[in-house]
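Only one structure is covered here, and it is reproduced in the block below.
The values are calculated or read from the model by the stated rules, or taken from the named source; none is laboratory data. Since the structure is predicted, the reported quantities are computational estimates derived from the model, not experimental observations. No Cβ is skipped: glycine too gets one built from the backbone with ideal geometry, and neighbour counts run over all protein chains shown.
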């Protein structure tokens, strides 16, 4: 049984789900440096990741063309502090250990100003059950992995609010799921590289016996 310290924050916000996907990477840096990299890394710096993020935004860009709207701005850096701009709500954080984001969406539709996504407070995210939507939550978690190393894991969960939405999401996920997994693997590689190169990062962790 997990202790309170080991229990995932993600379980608090989306304990029941239809789809789950987990990725992990071992980092050659301590947990302090790794967490700093998690919080500071530009997750869109990879050309592959940028291309995949552009692919995910294709329905919105097509919608702008059809409505003769000007194109959106070029993509700025994307750190965890920018997740709200990307449409995700900060649900909870255990500093130095885990952070959780979530959103409520209809991913099979292009997002327009005429159909804004519902605004859900963190405390009501788990209970949200309005039909026609899918709840998406993901975490990034850092744990020690031997001496001077860390393990980063990220888990993404989705839960539809009704059977019809689940069927729609299943068709959507067959197309998008592999790209979503690749984005997460590339993001973990970026954080790993930043933590091991330590650009601007300073560890407060003392070696054993110090």
Complete set of residues in the range 124-148 that are without any contact (Cβ under 8 Å) to a residue 60 or more places away in the chain, touching a strand residue (DSSP E or B) at 6+ places or on another chain (Cβ under 9 Å) and over 23 Å from residue 172 (Cα atoms):
146
Name the single residue, out of those in the range 93-116 being touching a helix residue (DSSP H, G or I) at 6+ places or on another chain (Cβ under 7 Å) and assigned to a loop (DSSP other than H, G, I, E, B), that is modelled with the highest pLDDT.
96
Checking the condition over 16 Å from residue 19 (Cα atoms) and at pLDDT below 85, which residue from 199, 144, 131 passes?
199
By residue number, the members of the range 149-169 that are within 21 Å of the chain's Cα centre (by Cα) and free of Cβ contacts under 8 Å to residues at least 40 places away in the same chain are 161
Return yes or no: is residue 126 touching a helix residue (DSSP H, G or I) at 6+ places or on another chain (Cβ under 7 Å), assigned to a loop (DSSP other than H, G, I, E, B), modelled with pLDDT of 90 or more and within 20 Å of residue 8 (Cβ to Cβ)?
yes
Give, as residue ranges, the helices (runs of 4 or more DSSP H) completely inside the range 1-73 that count at least 1 residues that are at pLDDT 95 or above and either under 19 Å from the mean Cα position of the chain (by Cα) or under 24 Å from residue 168 (Cα atoms) (or both).
10-13, 31-40
Here is a list of conditions, (1) touching a residue at least 40 places away in the same chain (Cβ under 8 Å); (2) under 20 Å from the mean Cα position of the chain (by Cα); (3) crowded, with 17+ Cβ neighbours inside 10 Å, and residue 179 meets all of them except one; can you say which number that is?
(3)
Quick one: count up the residues across the range 76-92 that are part of a loop (DSSP other than H, G, I, E, B) and in contact with a helix residue (DSSP H, G or I) (Cβ under 7 Å, 6 or more places away or on another chain).
1
